[in-house]
Structures are given as C-alpha cells and as structure tokens.
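Heads up: the structure comes next, in structure tokens.
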Amino acid sequence: MKNKLFILILIGLFFSINSSYSKEDHLDELKKISKNIRCLICQGQSIDDSNSDFAINIKYVILKKLNEGSSEDEIYDFLKSKYGDWIVYKPEFKLYNLLLWLIPYFIFFIGGILIYQKIFKKNEKTY
Amino acid sequence: MFLDKKINFKRLIIFISTFILLFLLAIIFFKSLKTENVYIPNQLIGKEIPNFASKSLFEDQYLESEKIFINKKYYLINIWASWCGPCRDEHPYLVKLSQNDKLKIVGINFKDKKNNALSFLNKQGNPYKQIFVDYDGSLSINLGAYGIPETLLINNKKIVLLKFIGPLNSQKYQKIIDAINNEK
C-alpha cells in the first residue's frame, strides 16, 4: 500500500515538473540579464540584487522585451542606447576597451614569468 | 666585491621602481577619492527622442508623440506622479513655465492612479498641454529616465537640449529660460 502511494506521488511529481518546463516565462533569462545590468540608483548593486524602483522598472521592461522575442544582445543594446555603456556590467570588447580587457591577462602572464624565474633560480641555487 | 656592487645596484633599482609605483598609485587613489563617482546617464542629450504613444490622462484618447511635437516651439517633457513629493515641490516652476509662449509642457504621468493624478492637478494647477499615461514605467525607460521627477527640454526637431534629474529649482528654471531664449 505504501509502495503504491509512493509510486503515485512520483508520477504526480513527474507530470508537474513537465508542465513547469513547458512554460515560456523567461525568468531564467531575466535573472541572467539582470545580474549583468547595473542599478543606477544603488550603483553598487545589479538590477537583480536591487529593490529600487528603477531596478523593478528595468526588470519589467526586460521581461516584456523577452516575451516579445528580443534576444539578450538586443536588450543590452536597447539599455545601452538609453543609459550608456556603463549600465552593462560586462564591458564590450571594443577598441577603447582593449586595455581593460588585455591588462589582466598581461599581468597574469608577467606574474607567471616571475614565478617561473623564481622557481628556476631556486633550483640553480641548490647546487 | 664586484658582485656586492652588482647586487646593491639591482636592489637600488627595485627599491626606486617600487617607490615610484607606490607613489603613482597614491596619486591615483587620492585623485579618485575626490572625483564624483556617481554615474549620471546623459545618453540622450543631443539626440532625438524616440517616438512614443499611450493613452491620454484626460479623455479615452490615444496620444502619439509624432503628432504632438510638431509646432515650432520648445517642449518640456516632465515625468511626474501624484504620489511623488519632489514633483509637488517643483510644480510651481512648471506652472510658471507653462505661461511662457515659447514653451509647451507635455506630462508623462508615471505609475499613477487617474483620480489621484487629476486631484493633484486640480489642487496644484495644470501646466500640461497633454499628458501621456505611463502605467508600467516602460514609456519612461524608453526616454532614458532615471527616476521621477525628471524633465527633458527638447527643441522643435525633437533633439534633447537639457535633462534634469530630480525636481526643478530656481537654477534649473533659469537654465531652461536661458536655453529657450538663446538657441536659434
């Protein structure tokens, strides 16, 4: 009797999971995009974290655009056209951003060389 | 001894480079502490505003911006709401500006209730030629709004000349007057 009940519950859960995946509510995409948008009122937070009116409005507009079929890039372009490049956390790879993108890798590379040299110098000294 | 000299020279170089680097970093940090760090979006200044449309606050009329911004005048687009305190504070300036022949004021009623908005205008005066209703905030986002109240001065080519975030005051009022008197 217990086993039958357990199986019935499992079947019920299986169907409920199916129906929630078939909904096109874009909430996952909204979350992903919101984490990449800066809240202009609470400028230390993303739209996803912030509860300011501005954040709530922007999230609503993003969801509206997702439901209308806009892509992630189109939404970023729209927001950048209204609020400037800085509203998007991840900077675009443009010419004026080149240094911003390359310097971390460059420092990482230099650091690697320094570590390499230190290790080899150490080895030489142990003669 | 020659080796000592070499090591000392190397150490000196390292010491000087570190000192210079730290000194430069200190300058950068002190400078950054003093600069204004809050980002104010002014993306639309100098650009044409997008077309927008919505219901009017007064009648069950549908308003389209292309049909409103057609005269050879300046337009002030003011985003407001009855529940917004600073909107109340700035309202007298709008009423004063509405008496200026060179200017027409168009309102965008932001996330408000019709009765409250009408009551607000009855008590405070109505400076608006037309009022668009922005139920969900999307119209204001389309105009690059940051919060309310917000005011945009546009010319007859729908180019944004000035943008004011926050309530109007005597200085901002004067800037508007100067702009509409000076621009060709």
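A:GLU92 sits with roughly 80 Å² accessible to a 1.4 Å probe, with DNA, RNA and ligands left out of the calculation.
Under a 1.4 Å probe, what is the accessible area of chain B per residue, stated in Å²?
Values: 11190 Å² over 184 residues.
Counting only protein heavy atoms, the per-residue value for chain B is 61 Å².
Can you classify chain B as rounded, prolate or oblate using the Cα gyration tensor, where a ≥ b ≥ c are the square roots of its eigenvalues, rounded means a/c under 1.5, and otherwise it's prolate if a/b beats b/c and oblate if not? Could the numbers behind the result be given before it?
Details: a/c = 3.33, a/b = 3.01, b/c = 1.10.
Since a/c reaches 1.5 and a/b is larger than b/c, the shape of chain B is classed as prolate.
Its DSSP H runs of at least 4 residues, each contributing -39,500 (n - 2.57), put the calculated 222 nm mean residue ellipticity of chain B at -13500 deg cm²/dmol, to the nearest 500.
Counting only Cβ charges, +1 for Lys and Arg and -1 for Asp and Glu, the dipole size of the protein assembly as shown around its Cα centre is about 1180 debye. Counting only alpha carbon atoms, the long axis of helix B:85-97 and the longest principal axis of chain B meet at about 60°.
The distance between label points at B:ASN122 and A:GLU74 comes to 4.4 nm (points 7 Å beyond Cα on the Cα→Cβ vector).
Accessible area of chain A with a 1.4 Å probe: how many percent of it is carbon plus sulfur? Intermediate values should be presented prior to the final figure.
Values: 6420 of 9770 Å².
Result for chain A: 66 percent of the exposed heavy-atom area is carbon or sulfur.
Amide H contacts of A:VAL88 (H built 1.01 Å from N, in plane; Pro and chain starts excluded): A:ARG38 sit under 5 Å, all sequence-distant by 5 or more or on other chains.
Among the residues of segment A:76-103, those with an accessible-area drop of 20 Å² or more from chain alone to full protein complex, heavy atoms and 1.4 Å probe, are A:PHE78, A:SER81, A:LYS82, A:TYR83, A:GLY84, A:TRP86. Contact with the other protein chains removes 40 Å² or more of accessible area, compared with the isolated chain and a 1.4 Å probe, from these residues of segment A:54-68: A:ASN57, A:TYR60, A:VAL61.
Only protein heavy atoms count here; on that basis, with a 1.4 Å probe, B:THR151 has an accessible area of about 0 Å². Placing unit charges on each Cβ (+1 for Lys and Arg, -1 for Asp and Glu) gives chain B a dipole about its Cα centre, and among B:GLN61, B:PHE29, B:HIS91 the Cα reaching farthest toward its positive end belongs to B:PHE29.
Over both sides of the B-A contact, add up the buried accessible area with a 1.4 Å probe and give it to the nearest 100 Å². Spell out each step's value before the answer.
Details: alone 11960 and 10560 Å², together 20970 Å².
By this definition, chains B and A bury close to 1600 Å².
Looking at the protein assembly as shown alone, DSSP beta bridges between its own residues are antiparallel in about 55 percent of cases.
A 22 angstrom limit on the alpha carbon distance is what I want to check against. Which of B:LYS123/B:LYS175; B:LYS47/B:LYS163; A:LYS64/A:LYS94; B:LYS55/B:LYS129; A:LYS82/B:LYS72; A:LYS65/A:LYS90 exceed it?
Working: B:LYS123/B:LYS175 27 Å; B:LYS47/B:LYS163 12 Å; A:LYS64/A:LYS94 29 Å; B:LYS55/B:LYS129 14 Å; A:LYS82/B:LYS72 26 Å; A:LYS65/A:LYS90 20 Å.
The pairs that break the limit, which is 22 Å between Cα atoms, are B:LYS123/B:LYS175; A:LYS64/A:LYS94; A:LYS82/B:LYS72.
Expressed in nm², what is the orientationally averaged projection area of the convex hull enclosing the Cα positions of the protein assembly as shown?
Values: hull surface 127.1 nm².
The directionally averaged projection comes out at 31.8 nm².
Element breakdown for segment B:42-181 at a 1.4 angstrom probe: carbon and sulfur atoms account for 47% of the accessible area. In this view, the solvent-accessible surface of A:ASP77, computed with a 1.4 Å probe and all protein chains in place, comes to about 90 Å². The angle between the Cα long axis of helix B:2-34 and the longest principal axis of the Cα atoms of chain B comes to about 20 degrees, rounded to the nearest 10.
Indicate the gyration tensor shape class of segment A:19-122 (rounded, prolate or oblate), computed on the Cα atoms with a ≥ b ≥ c the square roots of the eigenvalues: a/c under 1.5 is rounded; otherwise a/b larger than b/c is prolate and the rest oblate. Cα axes put segment A:19-122 in the prolate bin.
So which helices of chain A fit the span-like rule, where a helix is a whole DSSP H run, its Cα atoms reach 24 Å or more along the axis, and its mean Kyte-Doolittle is at least 0.0? Qualifying helices, which must be both long enough and hydrophobic enough, are A:2-21, A:98-125. In segment B:144-163, comparing the full protein assembly with the chain on its own, the residues that lose 40 Å² or more of accessible surface at a 1.4 Å probe are B:TYR146.
Remark: spin-label model distance B:ASN156-B:LEU21 equals 6.2 nm, labels positioned 7 Å along the Cα→Cβ axis.
Within the listed set A:LEU99, A:LEU63, A:LEU13, the residue fluctuating most in the Gaussian network model of chain A (springs between alpha-carbon atoms under 10 angstrom) is A:LEU13.
The values are calculated or read from the model by the stated rules, or taken from the named source; none is laboratory data. Everything quoted here is computed from the prediction, not taken from an experiment. Ideal geometry is used to build each Cβ from the backbone, glycine not excepted, and the neighbour counts take in all protein chains shown. In case anyone asks, the SASA skips ligands and DNA or RNA and just uses the protein heavy atoms, side chains included. Shrake-Rupley method; radii C 1.70, N 1.55, O 1.52, S 1.80 Å.
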